[in-house]
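Encoded as structure tokens, the structure appears first; notes follow it.
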Amino acid sequence: MSPAAGHMPQPELTRAPLDAARCGLLPEGMSAAAIILAAGLGTRMRSARPKVLHPLGGRPMIRHLLAACEARFARIVVVVGPDMAELEAAVAPHEVAVQRERLGTAHAALQAMPLLGGHAGDVAVLYGDNPLIGEETLGRLLAARAEADLVLLAMRPADPGRYGRVLLGPDGGVERIVEWADATEAERAIGLCNAGVVCARGPDLARWLAAVGNANAKGEYYLTDVVALARAEGRRVRAVEAPEAELRGINSRAELAAAEAALQARLREAAMRAGVTMLAPETVHLSYDTRLGPDVVVEPHVVFAPGVTVEEGAIIRAFSHLEGCLVKREAVIGPYARLRPGTVVEPRAHVGNFVELKATTLGAGAKANHLAYLGDATIGAGANIGAGTITCNYDGVAKHRTEIGEGAFIGSDTALVAPVKVGARALIGAGSVITANVPEDALAIARGRQTVYEGRGFKGKGR
Ligand code: UD1
Ligand code: CA
């Protein structure tokens, strides 16, 4: 194979190189740089949005990869396509290099080199669509660089599918990578697959990237060809293996779902290791930032959207949906509860079935057990919110607040027309429409009186 066939167009410097002084602010020992490739169109996703912005565990997949890279690399440059403003914003504050024509992964990586300003330390190239790589694996990649001139990450997937295959020499070193489209039957039978991460010294990588040609089945400049170029110089190339759950790539919606499943399994295992009981873990959906304290119990079919913290000993009953909220110690949520952003449930409070809370604080030991909507409200400790209570917080233009004092008792089917305040220990008769403030310790009833007409009952057929 001859990687040097066509000559690759060389990049121009589109933005100023990174300020070297910035490196002084980074943790000691972190001198490596990372290039993340994300300029591809993600055609196989059949989506209007760039592939790497599709979420996994509640955040764009590229932010997972960035989080791992931030722990190991002093500099990160993301290669994006033209007109990808949304992606540029999602990777901020990291810098971007624009790949104007999509000529392949080596060409994409080369676009970032001018920004790195001849970085003499190690440079790794990663793919934005391989987002589940852990910090520890990146650490092993960088450590292995001390023993070889070029290091790559490899895996042995259950189904090797269309991944590039890694060809080893007799000494266990890597000889070359062959892309699936270019591979022979015998090569496709190889189980060791390229995960799409390489690492070498900056000047070596720059030289190899510039020498990659495009004489292959797709007519693209393959990053994977740097292996054969390094070998042609007699350099050592090593593969570091890691589990498929970390290294799997995402090219299609089915692979996105498989990656989500792998991430969910990882998040659930971490939660259970930290002392959370899950009655049916495979039915619980977590986000990357879900925080569950020890002795929290999670019943089946619960969704934790981003931004949820649940403190020690709280119980989240079946079929509840939580997002952007704080549930404090020993509170009980659900079954069938919905906690929306800005909600705080204080210790030992109860939120029952078909109750929705939004931007509301439910005081310690307070109860809202059935069929209620509580939005933009502050509810005091020990208050009891009857079934069917609604805070009418929106007048069609603005949102208004409802305040309910400690120990108040709100009768069933009460409408609280905000802005309105109900004092501590006040009692509201069932079916009331409360439009004016109710003082402490008062009883308020606001409904039509019942009228009874003797003898005028139903006189239908057969009576
Ligand atoms: C690539 C590897 C393959 C490996 C697999 C692992 C190559 C040639 N092949 O194949 O060996 O097994 O990943 O998942 O590298 N990109 C650009 N600009 C381009 C082309 C691609 O930025 O011109 C970006 C894409 O956005 C993507 C990444 O590079 O994030 C990888 O490209 P993709 O087309 O998905 O490569 P694979 O076919 O998956
Ligand atoms: Ca891919």
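Computed from the coordinates by the stated procedures, all read-outs in this text should not be read as laboratory data. Quick caveat, the model's predicted, so the values are computed rather than measured. With ideal geometry, Cβ positions are generated from the backbone for all residues, glycine too; neighbour counts draw on all protein chains shown.
Observations
- Annotation note: trypsin sites (Lys or Arg not before Pro) in the range 115-212 located in DSSP loop regions with a Cβ neighbour count of at most 15 within 10 Å are Arg162.
- Backbone amide hydrogens, once placed in the peptide plane, bring Val310 within less than 5 Å of Arg291, Leu292, Gly293, Val327, excluding anything fewer than 5 places away on its chain.
- Under the span-like rule (Cα at least 27 Å along the axis, Kyte-Doolittle mean at least -0.5), DSSP H helices of the chain: 253-273
- Taking trypsin sites (Lys or Arg not before Pro) across the range 75-127, the ones in a DSSP loop with at most 16 further Cβ atoms lying within 10 angstrom of their Cβ are Arg100, Arg102.
- For the chain, share of DSSP beta bridges that run antiparallel, in % to the nearest 5: 20
- The string of couplings for the range 232-246 from the Karplus curve (6.51, -1.76, 1.60, θ = phi - 60°) is 5, 8, x, 7, 7, 10, 10, 9, 9, 8, 9, x, 4, 4, 8 Hz, one whole number per residue in order, with x for Gly and Pro.
- Considering every alpha-carbon pair of the range 386-463, the percent of pairs per 5 Å bin, from zero through the bin containing the longest distance, is 4, 15, 21, 21, 10, 8, 6, 6, 5, 3, 2.
- The range 329-393 versus the range 444-461: alpha-carbon centroid distance in Å: 34
- Estimated from helices alone, the mean residue ellipticity of the chain at 222 nm is -5500 deg cm²/dmol (sum of -39500 (n - 2.57) over DSSP H runs with n ≥ 4, per residue).
- Under 5 Å between amide hydrogens, built in the peptide plane, is the criterion, and for Gly213 it picks out Ala4, Ala5 among residues at least 5 positions away or on other chains.
- Prolate/oblate/rounded label for the range 67-128 (Cα gyration tensor, a/c 1.5): oblate
- Computed Rg/Rh of the chain, alpha carbon atoms with Kirkwood Rh: 1.16
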